Every structure is written in C-alpha cells, then in structure tokens.
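The structure appears right after this line, and notes come after that.
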Amino acid sequence: MLSLHFSYLYAGEGGVTVKRVRVADGWKEKEICIMSKSQKQSALAFGQAVIGPPGSGKTTYCLGMQEFLSAIGRKVAIVNLDPANEVIPYQCAVDISELITLADVMENLKLGPNGGLIYCMEYLEANFDWLQEKLAQFKGHYFLFDCPGQLFLFFSFFLICSLQLAAVHLVDSHYCTDPGKFISVLCTSLSTMLHVELPHVNILSKMDLIEQYGKLAFNLDYYTEVLDLSYLVNHLASDPFFKKYRRLNEKLVEVIEDYSLVSFIPLNVQVPTLSFQKTNSQTLGN
C-alpha cells in the first residue's frame, strides 16, 4: 500500500493547477481545480427545497412563489421532482417526468406507489448528471424544487446536491385545530429538521381555510411560536380517549421543547405580505 510523504502544487500547461504527491515508490501527479473566492461565489446557486406531507400545498406554494419572485424581478426556475405529479399549474423549467414517471414504473415493474417512488428516486440518483445538465441551463436563476410528499426519499438527494438550498417544510394549518395532530406535526417537523440538515423554515399553509375546521383552543401565536406546550397537553387530557396517554404526550412534548427548534410561519399564498415575510425568513437561511 502506498504511503504519502508530502505534496506541493505547481502551475502546469495552460494554467492548470497540478498537485504533485511524493509516494513510497516515486511521484504521483494529479490535475486539480482550484477556484478563487469570487469564482466560488459566481458559481453558487440558491433555492428552496419545498417539502411536506402529501396535500400540504407544495405545488400551489411553488406557483405562488414563482409569481411573487417574478413580480419583484428575480429569475426563478421550478424543478418538479415528483414523478407522480401529472397536473403542473406552474411553468416548469425541469421536469422529472422527462426522465421517468411513476406510472411507467408501476406498469412495467409491477410495483406499488411507494415502491415505485423509491425506484424513481434511485433512478434519479443514478442519473444525477441528467439533472445537473438541466440545472446548468438556468445559471443565475433561483430554484424551487417541488418534492414528493414522501420526504424520506430525499435525504440522500439533499446530501449530493451542490446547490445552496433552504428547506421549506409545509404543514396544513388545519392540524392546529386538533391538539393530538398538532403534537404529531411538531414531532414530524422536528424529525425533518434533524434529518434534512438544511437551513429550515416551517410553514403553516392554507391559513385562509383554517376557520373552516373549527375554532383554535389558543391564539395563533401559541401555535406559530410553539409556546408552553404543557397547556396543550392539559387541553388534550380533557378528552377521555387521550387521558390515558397523558404520560406519553408529556414525554413527546419534552423532546420538542428540549430541542427548541420548531416554529412556524403562517402563509396564505393569496396574500403577498405573508409571502414577503416568508421570503425574508427563507433568504436568511440562504
């Protein structure tokens, strides 16, 4: 096995930087690419990975954000990474359906929806150069990645993606009307933040519809700022069905409060001021 002793860099022909390494049986040379700080900054591309459970409004969010960013003069490109998304209301710059579709996988490989989605994402990773070539055509654009609802499919994708992304995690606001579901949403959001490992913004979507699902037990700030959750546990214990699970709910709440990471921004895509507030928060992440 070769053992390395020392190395140095020198300028080769054509301005190429060459790394010369001293090894046990002689010298080994390898051309490397060294980018200046200004080159790195010009090569950076920014965007949002729009994630969340199925039906949380990811596609509608991408449409609204595309319209908003275009209105303020930013070039934006939406990338559809959901192979099951057949109805796309926005102008799509890159569509995974050009590479593979869930319907084709299910028909030809006789897989179910979840197995088909896993196969599609593995196929995308195996052909990642296809996606890179597509993205390279939109230099200077701000990217919006419309992802499938099955978030676990994208943990490895975020690791190999070279873009500077912020995760935008959408959750349907109607879960606030049910204390048990809201605790579940908090756990899901926390787990997502820890696994994705990106600058993260949690969004309560469809705020214009929240009143249709009933009255909130507390004011909206309680849910967005995730304040003292013991009140939520007490409120939940008033239900005879959940009373016997009080200890479990207390432990779940302790985990959420110990990390102290989760908070939400309310969003109605029909109201530009809320979109602007969200964009500012997301820009801080980038």
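Data table
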{"quantity": "Cα gyration tensor, region 70-113 - rounded (a/c under 1.5), prolate or oblate", "calculated": "prolate"}
{"quantity": "At most 10 other Cβ within 10 Å, DSSP loop - trypsin sites (Lys or Arg not before Pro), region 179-280", "calculated": "215, 244"}
{"quantity": "Coil-residue GluC sites (Glu not before Pro) of region 65-139, DSSP, other Cβ within 10 Å capped at 13", "calculated": "86"}
{"quantity": "Under 13 Å, Cβ to Cβ, from residue 132 - net charge with Lys/Arg +1 and Asp/Glu -1", "calculated": "-1"}
{"quantity": "Which of 236, 190 has the fewest Cβ neighbours within 10 Å, and the rest in rising order", "calculated": "190, 236"}
{"quantity": "In region 42-285, lysine pairs with alpha-carbon atoms under 29 angstrom apart (chain gap of 8 or more, or interchain)", "calculated": "27"}
{"quantity": "Under 5 Å, built H, 5+ apart or other chain: amide partners of residue 167", "calculated": "49, 200, 201"}
{"quantity": "Which of 94, 87 has the fewest Cβ neighbours within 10 Å, and the rest in rising order", "calculated": "87, 94"}
{"quantity": "Long-range tail of P(r) for region 42-285 (Cα pairs > 24 Å, %)", "calculated": "49"}
{"quantity": "Gyration tensor (alpha-carbon) shape descriptor, region 45-180, a/c threshold 1.5", "calculated": "oblate"}
{"quantity": "Amide hydrogen neighbours beyond the local backbone of residue 245, cut-off 5 Å, H modeled", "calculated": "none"}
{"quantity": "Proximal charge balance of residue 239 [Cβ under 13 Å; K/R count +1, D/E count -1]", "calculated": "+3"}
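Just so you know, all these numbers are worked out from the coordinates, no wet-lab data involved. Computed from a prediction, not measured in an experiment: that's the story for all the values here. Because the Cβ atoms are built from the backbone with ideal geometry, glycine has one as well, and the counts that use them run over all protein chains shown.
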